[in-house]
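Engineer: A single structure is presented below for examination.
The values are calculated or read from the model by the stated rules, or taken from the named source; none is laboratory data. Keep in mind the model is a prediction, meaning the values are calculated, not measured. Neighbour counts are summed over all protein chains in view; Cβ atoms, including those assigned to glycine, are modelled from backbone coordinates with ideal geometry. Surface areas here come from the heavy atoms of the whole protein model, side chains and all, with no ligands, DNA or RNA. Shrake-Rupley method; radii C 1.70, N 1.55, O 1.52, S 1.80 Å.
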Amino acid sequence: WTEQAVRFYPMADWDKCGPRRELDDLVGQTCYAGLDLAIKKDLAGLTLIFLDDDRAYDVYCWAWIPEATAREHEKTDHVPYRQWEKQGLIEFTPGDEIDFRYIEAAVAIIKDRFEIAELAYDEKFATELIARLRDDHGITTVPIAQNFLRLSEPMNLSLSLVRTGKLHHGNNPLLRWQAGNVAVFTAKLDPDLVRPYKAKSTGRIDNIVGLIMALSRAIVHGEAGFVYDTRRVRSL
């Protein structure tokens with residue numbers, strides 16, 4: 001019951017949001033990206049969102065973790081990283097720290113296939129990588145402060161998308177696990193303001209944070225999909 005009490009996304013609704021367009025069918029399409037690097041020994045995540053004709057979003061994610069620590073993280077996080085790596089859901093980078101050059105290479109390939117309108121990112125740990133993505137690859141990058149002001153509206157939007165079946169994630173088990181790890185902070189002076197945090201220390205939420213940051217840029221550009229309920233979100 002404790003896990004249910006802090007979980008932000010209703011997972012029964014999440015599981016109904018699966019089907020999405022094939023990635024190969026989206027070549028040349030415009031998307032928004034969110035990048036959360038975290039610390040080099042943990043999980044880093046990149047999330048892309050594509051708005052469709054039904055005002056819903058197709059979601060794709062990439063993730064990286066150090067190969068040398070993957071087995072240890074399987075024990076602490078209680079998830080099958082090595083199985084997910086074989087399925088192509090996550091990439092191992094050599095050594096015991098994430099090599100950001102692998103992330104840079106992946107983003108460069110994605111840029112060649114899709115039109116990245118903007119890449120939103122958490123400034124922590126990201127200075128050098130973002131400079132290369134901006135200067136060497138011509139990607140428009142936007143820092144997103146991890147606070148109530150910047151994250152509340154897109155976080156509420158992500159919940160509304162889940163509840164209405166408009167967040168199409170393709171039943172990605174890595175992303176589902178992260179969604180189940182998301183809890184919510186509310187601002188003391190304004191309970192309508194929310195931001196994500198990990199429900200437990202071993203729960204990773206990097207791709208979900210990337211999703212929320214990507215949605216924040218879609219909102220700025222008037223591509224939020226539909227009008228959604230902005231009243232206070234209550235944990236389940």
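Engineer: Specify which of the listed residues (S152, S158) is over 20 Å from Y60 (Cα atoms) and surrounded by 13 or more Cβ atoms within 10 Å (Cβ to Cβ).
Structural biologist: S152
Engineer: Of all residues in region 125-164, which are aromatic (F, W, Y) and in a helix (DSSP H, G or I)?
Structural biologist: F148
Engineer: I'm trying to understand the selection: among the residues of region 44-89, which are open to solvent by 20 Å² or more (accessible area, probe 1.4 Å) and among the β-branched types (V, I, T)?
Structural biologist: T76
Engineer: Taking G138 and the conditions (1) over 16 Å from the mean Cα position of the chain (by Cα); (2) more than 23 Å from C17 (Cα to Cα); (3) among the small types (G, A, S); (4) at pLDDT below 90, which numbered condition does it fall short on, given that it satisfies the others?
Structural biologist: (4)
Engineer: Scan region 105-124 for residues that are part of a helix (DSSP H, G or I) and open to solvent by 30 Å² or more (accessible area, probe 1.4 Å) and jot them down.
Structural biologist: A105, I109, K111, D112, R113
Engineer: Only one of (1) in contact with a Pro (Cβ under 7 Å, 6 or more places away or on another chain); (2) of a type outside the set (A, V, I, L, M); (3) buried (at least 20 other Cβ atoms within 10 Å of the Cβ) is not met by K41, so which one is it?
Structural biologist: Of (1) in contact with a Pro (Cβ under 7 Å, 6 or more places away or on another chain); (2) of a type outside the set (A, V, I, L, M); (3) buried (at least 20 other Cβ atoms within 10 Å of the Cβ), only one is false for K41: (3).
Engineer: Can you name the number of the only condition in (1) surrounded by fewer than 17 Cβ atoms within 10 Å (Cβ to Cβ); (2) closer than 26 Å to Y9 by Cβ that R101 fails?
Structural biologist: R101 satisfies all of (1) surrounded by fewer than 17 Cβ atoms within 10 Å (Cβ to Cβ); (2) closer than 26 Å to Y9 by Cβ except (2).
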